[in-house]
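Data first, discussion second: the structure below is written as structure tokens.
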Amino acid sequence: MQLFEYSEAMAQAKDELTKLFDSPNPLRFQSNIFSIIHKLKQILNFSAFRNISPKANLLIEQVEAIQRNKKKAVIFTQYDVNGIKKIEKALEANNVKFVAGRNGMSTEELKNSLNTFYDRREVAVFLTNLKPSRLKLNLKKVPYIINFDQWWNPITLWQNEDDLSINNPVEVPVIMYNYNIRDTFEEDLQRII
């Protein structure tokens, strides 16, 4: 289903781009490019009709291994429906205990969620769609960071890493996983960038 949706969306994107090339308005072209990229990236996360995907299956495998080893992970996604909500369902279906940090949470709510994540041994995952600049992660307690989907702009990813202090010397190593889908426009985009 996901492959079919992706193929259909790619064909539609090519048609849209062809029409946009003929348009004399560069702003219209630019805004539509970003819409197309986000639509394709969300399909790479999940089918519109399913709460599981190969990417989510890999995530569950990794999180279960992290949980068995009594470690913790932060999972970042930039999307709400085809990101945080469907990942929540996948975690729940596999009995993985997690806490979510969402856009719109107050500073106090976010602090309480992080404290729950740090303090409760059974909670293995902090799942969020927040930019890392809003979080004050204690990397001594979080050895794994998983970027479920990638920002198309590498500068945003680098800023996120700086906000998390990933590149600073730490007592405990932090392992970061960046999920990408092979044989998709994501690979081509990475090569171009």
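State whether one or more residues within region 77-92 are of a type outside the set (Phe, Trp, Tyr), crowded, with 18+ Cβ neighbours inside 10 Å, outside any strand (DSSP E or B) and more than 15 Å from the chain's Cα centre (by Cα).
Looking for residues that are of a type outside the set (Phe, Trp, Tyr), crowded, with 18+ Cβ neighbours inside 10 Å, outside any strand (DSSP E or B) and more than 15 Å from the chain's Cα centre (by Cα), one finds none in region 77-92, hence no.
Only residues that are of a type outside the set (Ser, Thr, Tyr), open to solvent by less than 60 Å² (accessible area, probe 1.4 Å) and within 20 Å of VAL63 (Cα to Cα): list them for region 100-114, please. Quick ask: steps written out before the conclusion?
We begin by selecting, within region 100-114, every residue of a type outside the set (Ser, Thr, Tyr); these are 100-105, 108-112, 114.
Add one more test, that the residue is open to solvent by less than 60 Å² (accessible area, probe 1.4 Å), and what stays is 100-101, 105, 110, 114.
Those that are of a type outside the set (Ser, Thr, Tyr), open to solvent by less than 60 Å² (accessible area, probe 1.4 Å) and within 20 Å of VAL63 (Cα to Cα): ALA100, GLY101, LEU114.
Determine, yes or no, whether VAL123 is buried (at least 16 other Cβ atoms within 10 Å of the Cβ), in a loop (DSSP other than H, G, I, E, B) and touching a Ser or Thr at 6+ places or on another chain (Cβ under 7 Å).
Working: buried (at least 16 other Cβ atoms within 10 Å of the Cβ): yes; in a loop (DSSP other than H, G, I, E, B): yes; touching a Ser or Thr at 6+ places or on another chain (Cβ under 7 Å): yes.
Criteria met by VAL123.
Quick one: is LEU58 open to solvent by 20 Å² or more (accessible area, probe 1.4 Å), touching a residue at least 60 places away in the same chain (Cβ under 8 Å), of a type outside the set (Gly, Ala, Ser) and not in a loop (DSSP other than H, G, I, E, B)?
Numbers: open to solvent by 20 Å² or more (accessible area, probe 1.4 Å): yes; touching a residue at least 60 places away in the same chain (Cβ under 8 Å): yes; of a type outside the set (Gly, Ala, Ser): yes; not in a loop (DSSP other than H, G, I, E, B): yes.
Yes, satisfied.
Here's a check for you: in region 96-108, which residue that is out of contact with any Ser or Thr (no Cβ under 9 Å at 6 or more places or on another chain) and modelled with pLDDT of 95 or more is nearest to GLN78 (Cα to Cα)?
Across region 96-108, the extreme among qualifying residues is PHE98.
Could you tell me which residue of region 163-181 is nearest to TYR144 (Cα to Cα), considering only residues that are more than 17 Å from the chain's Cα centre (by Cα) and modelled with pLDDT of 80 or more?
So, considering only residues that are more than 17 Å from the chain's Cα centre (by Cα) and modelled with pLDDT of 80 or more, the one nearest to TYR144 (Cα to Cα) is VAL174.
Are there any pairs with C-beta distances below 6 angstrom linking a residue in region 140-153 that is in a loop (DSSP other than H, G, I, E, B) and open to solvent by 50 Å² or more (accessible area, probe 1.4 Å) to a residue that is at pLDDT below 90 and not hydroxyl-bearing (Ser, Thr, Tyr), with the two at least 6 apart or on different chains, and if so which?
Listed pairs, sorted by first residue: LYS140/VAL172; TRP151/LEU157; TRP152/ILE37.
Take MET10 and tell me if it is more than 24 Å from ILE145 (Cβ to Cβ), open to solvent by 60 Å² or more (accessible area, probe 1.4 Å), over 19 Å from the mean Cα position of the chain (by Cα) and touching a residue at least 40 places away in the same chain (Cβ under 8 Å). Give the steps one after another, and end with the answer.
Details: more than 24 Å from ILE145 (Cβ to Cβ): yes; open to solvent by 60 Å² or more (accessible area, probe 1.4 Å): no; over 19 Å from the mean Cα position of the chain (by Cα): yes; touching a residue at least 40 places away in the same chain (Cβ under 8 Å): yes.
For MET10, the condition - more than 24 Å from ILE145 (Cβ to Cβ), open to solvent by 60 Å² or more (accessible area, probe 1.4 Å), over 19 Å from the mean Cα position of the chain (by Cα) and touching a residue at least 40 places away in the same chain (Cβ under 8 Å) - is not met.
Pull up region 32-51, narrow it to residues that are closer than 14 Å to LEU3 by Cβ and either open to solvent by 60 Å² or more (accessible area, probe 1.4 Å) or of a type in the set (Val, Ile, Thr) (or both), then point me to the one that is farthest from the chain's Cα centre (by Cα).
Restricting attention to region 32-51, the residues satisfying the condition of being closer than 14 Å to LEU3 by Cβ are 40, 43-50.
Right, trim to either open to solvent by 60 Å² or more (accessible area, probe 1.4 Å) or of a type in the set (Val, Ile, Thr) (or both) and you get 43, 48-50.
Details: ILE43: 13, ALA48: 16, PHE49: 19, ARG50: 17 Å.
Looking at the filtered set, the residue picked out is PHE49.
Just for region 161-189: of the residues that are under 20 Å from SER7 (Cα atoms), touching a residue at least 12 places away in the same chain (Cβ under 8 Å) and not in a loop (DSSP other than H, G, I, E, B), which one is least open to solvent (accessible area, probe 1.4 Å)?
Among residues in region 161-189 that are under 20 Å from SER7 (Cα atoms), touching a residue at least 12 places away in the same chain (Cβ under 8 Å) and not in a loop (DSSP other than H, G, I, E, B), the one least open to solvent (accessible area, probe 1.4 Å) is GLU186.
The values are calculated or read from the model by the stated rules, or taken from the named source; none is laboratory data. A quick note: this is a predicted structure, and the numbers were derived from the prediction, not measured. Reconstructed Cβ throughout: ideal geometry from the backbone, glycine too, with neighbour counts over all protein chains shown. Keep in mind that these areas ignore ligands, DNA and RNA; they rest on the heavy atoms of the full protein, side chains included. Shrake-Rupley method; radii C 1.70, N 1.55, O 1.52, S 1.80 Å.
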